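Worksheet: one structure, shown below.
Just so it is clear, none of the values below were taken in a lab; they were calculated from the coordinates. Source: prediction; values computed, not measured. For neighbour counting, all protein chains shown are included, and Cβ atoms are generated from backbone atoms with ideal geometry for every residue, glycine included.
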Amino acid sequence: MHMLLAAVAGSALTAAVPPVPVAEPFEEQRFGITIQDPYRWMEKPERAGEVRDWLVNAGQHAREELSKLPEREKFEELLNLANRAGVSYTSAQISNQRLFYLRLDPEARVSKLVVRKDGVERVVLDPATSSAALAAINNYTVSPDGGTVAVHVAEGGGEAGEVRFLDVESGREIAPRIGPVWGEFPVNWLSSRKVVYTRMADPQPGVDPILNMRMYTIGFGEKGPGIPLLGAGVPNAPAFEPREFPTFYNPASTRWAMGFGTGARADSRILVTRIDEVLAGTPKWRSIAEYADQVRSATIVGDNIYLLSSKTNSSRTLLKGSLNDPELKLRPIMEGGEVILRSISEAADGLYLFASKGGAEKLFFQPNGSEEFREVVLPFDGAISSWDVGDQGRSLLMGLTGWLRNRTHYRVSGGIIQPVNLKSASWEAGSKHSVITDEAISSDGTRVPMAILMPAEGKLPAGRPTILHGYGSYGLLNTEPTYSGNNLAWLEQGGVFAYCGTRGGGENGRAWHEAGRAANKPNAHADFIACAERLIQLGYAKPSQITAIGVSAGGQLVSPAVMKRPDLFAGMILRVAMLNPARLETAENGANQFAEAGDPRTEDGFKGLVMQDSYLMLEGAKDIPDTLLTIGLNDRRVSPWMSGKFAARAVAKFGGQRRVLVRTEAEDGHGVGSARDLKIQEMADIYAFAWNQATKAD
């Protein structure tokens, strides 16, 4: 049998690992394409234990080998310094003159939910002491009277958890828990004792747990799960597919409520009904927009609905219409251009519009009774990391981060921005470094935005160890200024960290997104290659110094790009990565990805997925660099067998000349709700690997 880790001259990693599971020949014809899949058996539920045992053993060996790398101890020290520089605050909300937020203390593993009134802090929930297992808060919301919080808690780095209802004064649970609930979906309050929530279906063997979610309303003391309002199979409601997520929002100061059909896609379905109908459990949903209308964000002010659509404008159009109009005639009130419109939110005093230009966030405000938007000048160029319209819509509360500045919270009222006494600590040592924006020229002439984080010492004639990060999915920005203690630790050691804003992301609007997704993903591969070439051209690094890193859907970008040009990269790191998307229909959370990546049940969809499938591309690949894969064994977004299949096939083909390490974490999932100490250990391994790849020939 092949070994997972082969000896390579000049490297600190030389030992062998447990044998790779045996290949079992499997061939199929699909839409005229012959698929050789010798590790298809890893997908079978009845053999999940066998796969997990192998991954655990391989992970243990990977940790042992990574611990020997000469720079690992230093990186662990720097990561602790950078990530524990002081208190960090996230998810701030205001209700009834009380300020709520998640607080991560320097010594803590996970965040606590804290309330502050009259300058006095009090912990409402510390999951580290309230749960037997490792647990974390994924989200929370506050009742209109500020007396109760609904807190989503999940264990083991997972995202499927339960919602707890806590009395703010005592911290005592005052109602039965509800669940299972996916961590992205917070509870919405109809009153201080009645809520709407999205519930996962009861677990069934062999059934994707992400399918068949339903939205319910329930009051305290009522028998669960409550009255169904929306979702697959809900009677007297619009038809929903099992893969659609039904969610709810009730804007302040209006008689209307909104229902959404969402998922891992850029657009949403929009429905409306009256609040009194929801309270009665008999909503009469009216369809406002379907996916084809390409609506990204929506809200209601009074009887007027506002929609952000990219159907006729790649930078989006803000549309307005009256819900009292049976025909709902929509008219444009603002057009995007160089500034890309991204989201909208109502407030008691007007409408807030979030936008971006060159990766940095812009904020605009339209006062009630006006048709004009004016810009709210932000204190610095950065990314609005979270925002909430609380306190009955009286103000907008938001966090703002920069590349070198941690999150600071601000309150916006009447378009006037003022700081809140809620400022996360930045690592002082990291402030001396710098950020450069640049562009790469892709193979078809497309200009690809880049953000390059540079150590204070600047360029070296011999280049520096460099990490190139790519994502390029869902229309999300990869080059927005986001604070990361991890990045600063890498810079402090003398490395360069670069972000490549490939097509498929959101850097240049909807057309940019469409040009790099599904069957167009090869455009994004070319963009990523161009970013690596640009780093070399600028003299920041040599090919022997660049490690490519892709996370989650970034696996559909980074690993195919690296296999197309292995000569440009010294290493590859794939974190919880989507590496076998042609098999999405059998994977957990797979059907949810069809709209973005492609539907493998159709010819066009399947052929597009094959072009971004790293596992299948290995068969024809001429080479790969040394590779590190990281997996959270509790991952419910990307099935761990995808990384397992890739690792097994990579070693079978390149094990005599390339290293392939698989690092696993039993108490982690996809990275949401992860304990800080576990992430620091993972990043120390990742950075030590990347540094070793860049310096092993010296």
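Worth pointing out:
- Each Lys and Arg contributes +1 and each Asp and Glu -1, all at the Cβ; summed about the Cα centre of the chain, the dipole is approximately 420 debye.
- All C-alpha to C-alpha distances of the chain, sorted into 10 Å bins beginning at zero, yield P(r) values of 3, 15, 25, 28, 19, 8, 1, 0 percent in whole numbers.
- FRET efficiency, 1/(1 + (r/R0)^6) with R0 56 Å, evaluated for GLU27 and ASP105 via beta carbons: 0.55
- Cα centroid separation - the range 542-588 against the range 43-119, whole Å: 23 Å
- In this simple spin-label approximation, ASN57 and GLU173 carry label points 7 Å from Cα along the Cα→Cβ vector, and these lie 4.0 nm apart.
- The longest part of the chain holding none of the exposed loop GluC sites (Glu not before Pro), meaning those outside H, G, I, E and B in DSSP with at most 10 other Cβ atoms within 10 Å, is 373-698.
- Shape category assigned to the range 300-457 from the gyration tensor of Cα positions, a/c cut at 1.5: oblate
- Secondary structure note: in the chain, about 85% of the DSSP beta bridges are antiparallel.
- Under the membrane-span-like helix rule (DSSP H runs whose alpha carbons stretch at least 30 Å along the helix axis, mean Kyte-Doolittle hydropathy -1.0 or higher), the chain yields none.
- Potential lengthening between SER443 and GLU46 on full extension [0.36 nm per residue; Cα-Cα distance subtracted]: 138.4 nm
- With each label modelled as a point 7 angstrom along the Cα→C-beta vector, the ARG286-GLU64 pair spans 6.7 nm.
- Violating pairs (Cα-Cα greater than 24 angstrom) within the set LYS459/LYS521; LYS284/LYS320; LYS521/LYS622; LYS645/LYS696; LYS362/LYS459; LYS284/LYS329: LYS459/LYS521; LYS645/LYS696; LYS362/LYS459
- Here the relative contact order of the chain, from alpha carbon pairs under 8 Å that lie six or more residues apart, stands at 14 percent.
- A simple spin-label model places pseudo-atoms 7 Å from Cα toward Cβ; at SER434 and THR34 they are separated by 5.6 nm.
- Under 19 Å of direct C-alpha separation, and excluding same-chain neighbours fewer than eight residues apart, LYS542 reaches these aspartates and glutamates: ASP438, GLU439, GLU457, ASP527, GLU533, ASP567, ASP623, ASP626, ASP698.
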